[in-house]
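**Student:** Before I ask anything, here is the structure I am working with.
The values are calculated or read from the model by the stated rules, or taken from the named source; none is laboratory data. All values reported here derive from a predicted model rather than from experimental measurement. Cβ placement follows ideal geometry from the backbone for every residue including glycine, while neighbour counts extend to all protein chains displayed. Surface areas here come from the heavy atoms of the whole protein model, side chains and all, with no ligands, DNA or RNA. Shrake-Rupley method; radii C 1.70, N 1.55, O 1.52, S 1.80 Å.
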Amino acid sequence: MPPRLSSSQKAEVLVEALPYIQRFYDRTIVIKYGGNAMTDVALQEDFAEDVVLLKLIGMNPVVVHGAGPQIGALLQKLGKQSEFIQGMRVTDEETLDVVEMVLGGLINQDIVTLINKAGGKAVGLTGKDGHFIHARKPEIIHLLDSRDFIPVIAPIGSDEKGVAYNINADVAAGKLAITLQAEKLILLTNTTGVLDRGGGVVTGLTSQRVKEMIDDGTISGGMLPKVECALDAVKNGVKTAHIIDGRVSHALLLEVLTSSGVGTLIRGASANRANHR
Ligand code: ADP
Ligand code: MG
């Protein structure tokens, strides 16, 4: 058991959050929910509480989720292999049905239920709803997050013929963060952050350093779309991007409301250092 805090320590912790609450009030925070935080029941509840808390203190959290482990498990049951190129799932027509069912159906509704149980008003969407992913005009998201609602988005798009396609959740979250000109893009995953060769967490990543790490193979697989979309986001108006450890309980809250972030920070070259951790 962790040591219990005294009343004055509790007050200090709450007060520490004040500057962050002021700074991020009414700002949009796009959160990619994935990795272990998504499969462990206790962590799921922590995540839902964090999202509801951020909403209630005046921020606009938008959740984009993956379903990698769950899709993989069902495909395996159906005797189909999962195939990945550069960390992104390859979807043929048959696989896409499974993706739509699991990602846009089961998992999306699970997350909506979780957030609602924690006291929020979550609304589940896929990129097909309001055609917002294809059209890149997410009025529907603006409409929802400027009210009491918390949008929970499954990254399925459709082309002009109505044919569905699966978009990597990191990539979808990054694009959405740009379109919404979010304050933060936060990617929850199953490592302590972006790791260097020695297994240490790298922070303050620049595009040059990322390029080197990709070229020498230090960054590979599922981490590729994350670092790429994070860099893309901060180059295009998102203030900061964070790749954080979803295995840490309340990782999201720690990242947004305390000085002890839990992972890798990526910021745009022009971001004001004094203003953004
Ligand atoms: P998620 O469900 O969060 O998208 P992924 O498996 O797609 O998870 O991506 C995270 C994985 O990327 C890590 O578990 C790790 O195996 C892999 N990875 C590759 N290079 C790195 C790196 N340099 N630092 C951290 N993780 C890395
Ligand atoms: Mg992934």
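**Student:** State to the nearest 20 debye the size of the charge dipole of segment 1-91 about its Cα centre, where the only charges are +1 on K and R beta carbons and -1 on D and E beta carbons.
**Tutor:** My answer is approximately 260 debye.
**Student:** While we're on this one: Under the rule of -39500 (n - 2.57) per DSSP H run of 4 or more residues, summed and divided by the residues of the chain, what mean residue ellipticity at 222 nm is obtained, to the nearest 500 deg cm²/dmol?
**Tutor:** -11500 deg cm²/dmol
**Student:** Here is a follow-up. How much of the DSSP beta bridge set in the chain is antiparallel, as a percent to the nearest 5?
**Tutor:** 30 percent
**Student:** Still on this structure, please answer the following. In segment 1-134, what percent of the accessible surface is made up of carbon and sulfur (1.4 Å probe, ligands and nucleic acids excluded)?
**Tutor:** 56 percent
**Student:** Across bins of 5 angstrom width beginning at 0, how are the C-alpha pair distances of the chain distributed, in whole percent?
**Tutor:** 1, 6, 13, 17, 20, 18, 13, 8, 3, 1, 0, 0, 0
**Student:** Determine, for each peptide in 151-157, 254-260, the mean count of other beta carbons within 10 angstrom over its residues, then list the peptides with the highest first.
**Tutor:** Packing proxy ranking, top to bottom: 151-157, 254-260.
**Student:** Also: Quick one: if you stick a label point 7 Å off each Cα along the C-beta vector at Lys117 and Val41, how many nm between them?
**Tutor:** About 0.8 nm, to one decimal.
**Student:** Per-residue HN-Hα couplings for segment 105-117, Karplus 6.51 cos²θ - 1.76 cosθ + 1.60 at θ = phi - 60°, whole Hz, x for Gly and Pro?
**Tutor:** Once rounded to whole Hz, the list reads x, 3, 5, 4, 6, 4, 5, 4, 4, 4, 5, 5, 5.
**Student:** Let me ask you something else. Please give the charge dipole size of the chain, origin at the Cα centre, charges +1 on K and R Cβ atoms and -1 on D and E Cβ atoms. Round to the nearest 20 debye.
**Tutor:** It comes to approximately 720 debye.
**Student:** Enter the accessible area per residue of segment 52-194 (Å², integer; probe 1.4 Å; all protein chains in place).
**Tutor:** Accessible area per residue: 46 Å².
**Student:** Could you please put Arg197, Arg27, Arg89 in sequence from largest to smallest accessible area, using a 1.4 Å probe?
**Tutor:** If we order Arg197, Arg27, Arg89 from most to least accessible, we get Arg197, Arg27, Arg89.
**Student:** Once label points are set 7 Å from the Cα along Cα→Cβ at both Glu160 and Asp148, what is their separation, rounded to one decimal in nm?
**Tutor:** In this crude spin-label approximation the distance works out to 4.1 nm.
**Student:** Let me check I've understood the local charge: for Cys229, count other residues with C-beta under 11 angstrom from its C-beta, Lys and Arg +1, Asp and Glu -1. What total comes out?
**Tutor:** Here the count lands on +1.
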